[in-house]
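Right, one structure below, let's go through it.
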Amino acid sequence: MKPIFGAIMLFCLLTETSFGLDIGYYTIIKGTSSEMCVAYVRNLNSLIEEWSYMSCDRRINPKFRDFSKPTWQRIDKWEYIKLVKQIIRLFDNFNSRNATENKLEWWLRSARTLYSIRVDIDNDESIERVIRYEFLFCGGSRRYASPIMVVDDQMKYLDVEATRHLLQNPFGDHKNFAGNWLYAMYDVFLYKGKVYFDKWSDDFNQKGYIHVFKTEQGITQEVCTLKFELYPGVNAEVFDY
């Protein structure tokens, strides 16, 4: 990008913020020595997006060919009642033993949706089925989230032990296995054939950060932490707690 053209583009973007857009960029807080983290930040910063869009779904710029993303396929939740009951117990009933019939009927008719991919989520050369539970609309309702979990190939059983690696949420006061999963938006991507998952949370003490994780040899580690920064002069009310 030529300097003059780049300056014009930035001016236009900053001008747009006066109409409600919150434009910014990412910096690396943890993982500065990681090739993947540096490349991921470059990818995100190449996509001029509002922070609210990035919180719901991190995209891959086609120019960054070392990255790829599996395509989430929406599944018919009415066909997988047994799995739905387990999801209700894990995420909606806070460890109550049974999902009641009234709760089940209400859940199935609600805006809650399930999406599926098949990917080697733990990098053990074995493909797993991963479900993303979209709990209402990201940023479009009072409560929202999109946790991910591992299930069997027939989507009848939730693999609790494998899912434990994917629920990277502080536990909070209610001692729920899923932790403080509300407002945490997860996604999955690949870099040079290795599978990673990341999380943006709008929870009070995590807002403005993306955490990137990788599971390998049965251990899940946070590879990098990225922080969203607003361009100078941009409305900072979005981070006003």
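The values are calculated or read from the model by the stated rules, or taken from the named source; none is laboratory data. Keep in mind the model is a prediction, meaning the values are calculated, not measured. Cβ: placed from backbone, ideal geometry, glycine included. Neighbour counts: every protein chain shown.
What are the residues in segment 62-93 that are closer than 16 Å to Y115 by Cα and assigned to a loop (DSSP other than H, G, I, E, B), if any?
Answer for segment 62-93, where residues must be closer than 16 Å to Y115 by Cα and assigned to a loop (DSSP other than H, G, I, E, B): K69, P70, T71, W72, D76, Y80.
Free of Cβ contacts under 8 Å to residues at least 12 places away in the same chain and over 15 Å from S55 (Cβ atoms), is that true of S116?
Answer is no for this residue.
So, S55, is that one touching a strand residue (DSSP E or B) at 6+ places or on another chain (Cβ under 8 Å), at pLDDT 95 or above, surrounded by 13 or more Cβ atoms within 10 Å (Cβ to Cβ) and among the polar types (S, T, N, Q) or not?
Answer is no for this residue.
So, in segment 208-241, how many residues would count as being closer than 30 Å to K192 by Cα and either modelled with pLDDT of 90 or more or assigned to a loop (DSSP other than H, G, I, E, B) (or both)?
20
Condition first: modelled with pLDDT of 75 or more, in a helix (DSSP H, G or I) and of a type in the set (S, T, N, Q). Now tell me which residues in segment 1-48 satisfy that.
N43, N45
What do you reckon, is F177 free of Cβ contacts under 8 Å to residues at least 40 places away in the same chain and either among the β-branched types (V, I, T) or outside any strand (DSSP E or B) (or both)?
In short, no.
Assess whether L182 counts as being assigned to a loop (DSSP other than H, G, I, E, B), at pLDDT 95 or above, within 12 Å of the chain's Cα centre (by Cα) and surrounded by 17 or more Cβ atoms within 10 Å (Cβ to Cβ).
no
For residues in segment 107-151 being out of contact with any strand residue (DSSP E or B) (no Cβ under 9 Å at 6 or more places or on another chain) and of a type in the set (A, V, I, L, M, F, W, C), which is nearest to D76 (Cα to Cα)?
L108
Within segment 118-132, does at least one residue satisfy the condition of being modelled with pLDDT under 90 and more than 18 Å from the chain's Cα centre (by Cα)?
Within segment 118-132, none of the residues are modelled with pLDDT under 90 and more than 18 Å from the chain's Cα centre (by Cα).
Among K207, K227, K156, K194, which is the only one that is in contact (Cβ under 8 Å) with a residue 24 or more places away in the chain, surrounded by fewer than 19 Cβ atoms within 10 Å (Cβ to Cβ) and closer than 20 Å to R74 by Cβ?
Working: K207 fails: closer than 20 Å to R74 by Cβ; K227 fails: closer than 20 Å to R74 by Cβ; K194 fails: closer than 20 Å to R74 by Cβ.
Just one listed residue meets the conditions, K156.
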